[in-house]
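Reading through the structure tokens given below for one structure.
Each reported figure results from applying straightforward, stated rules to the coordinates on display, with no laboratory input. Because the structure is predicted, anything quoted here is derived from the model rather than measured. Cβ placement follows ideal geometry from the backbone for every residue including glycine, while neighbour counts extend to all protein chains displayed.
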Amino acid sequence: MLRKCINKIIAVVTVVSVLCCGVFSASAAFDIDDLQKDDRLDLGYRIINGYSKLSEQNGLTNYNKTAVYSGLNLKNAYLMALAGGFYLANNVDFGRTINDNDYALSLIRKLDGFLKGMWVKNDRAQKLEQELQSQNIPVIEAYDTVGLFLISTGKKQAEQLMDDKLTDFVFAGGKVPPTMKDLNLDGKCNAGDIPLMQKYLNKELKYSDRDKQSYLEFAADFDGDKSPDIKDVTALQKELR
């Protein structure tokens, strides 16, 4: 019970800050220990960047509305305490944040205002905002304490932002898609993904781009056990029956 409670508190900042950009969809297989490891968080960010590149490449999304995240330190004890208070005060519905972008965004607005009221600053995000302005990238909405910016840009600038040290990830489309377990990038997880899962397992499908490859490995892991294998094909087939 205690572990679950701590996990929820840690998840507050992660989920509420960036779930509308899909990071927790991309981190669905992560647990509390993963969230405390920089390499696992970096992997989650690479998965989202990979999804952005592939979904834009396949015409599923574009960068006309893009979410850019420059987050706070998720290991900061004071921030975690504030997150726990925010969670309790707002009765956050984590299930709803996954499926309801308007709800997730409303929580982000509240969280941003709450953190500002507690004198929390995100210097990194403020530097990113200045950088966006200097590059004349239109900012549609800014939550500079949470570290989330909704912008309008193009492919070149978006991919440059993915490599920016001030940016954790760039999410094309600016909202959570119906699924991120989507190998053929048609917006669905269905029978059309099975041939690509099989190609991946047979080592016939691979990307040289690290972000794209991270997304491929994540999407092929249908059952979320962090080990893509034939069991994932079987699990998807069973779900489709």
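The figures follow:
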| read-out | value |
| --- | --- |
| Taking 204, 217 and counting other C-beta atoms within 10 Å, the order from fewest to most | 204, 217 |
| Burial ordering of 148, 201, 240, 185, fewest other beta-carbon atoms within 10 Å first | 240, 201, 185, 148 |
| 5 angstrom amide H check on residue 141, placed H, neighbours 5+ away | 150 |
| Label-point separation, residue 164 to residue 91 (7 Å along Cα→Cβ), nm | 3.8 nm |
| Lys, Arg +1 and Asp, Glu -1 on Cβ, resulting dipole of the stretch 191-240 about Cα centre, debye, nearest 20 | 160 debye |
| Residue exposure sequence - 139, 170 - by fewest surrounding Cβ within 10 Å | 139, 170 |
| Label-point separation in nm, residue 226 to residue 205, each point 7 Å along Cα→Cβ | 2.3 nm |
| Note, ³J(HN,Hα) from phi for the stretch 188-197, Karplus 6.51, -1.76, 1.60, rounded to Hz, x at Gly and Pro | 9, 10, 8, 4, x, 8, 4, x, 6, 4 |
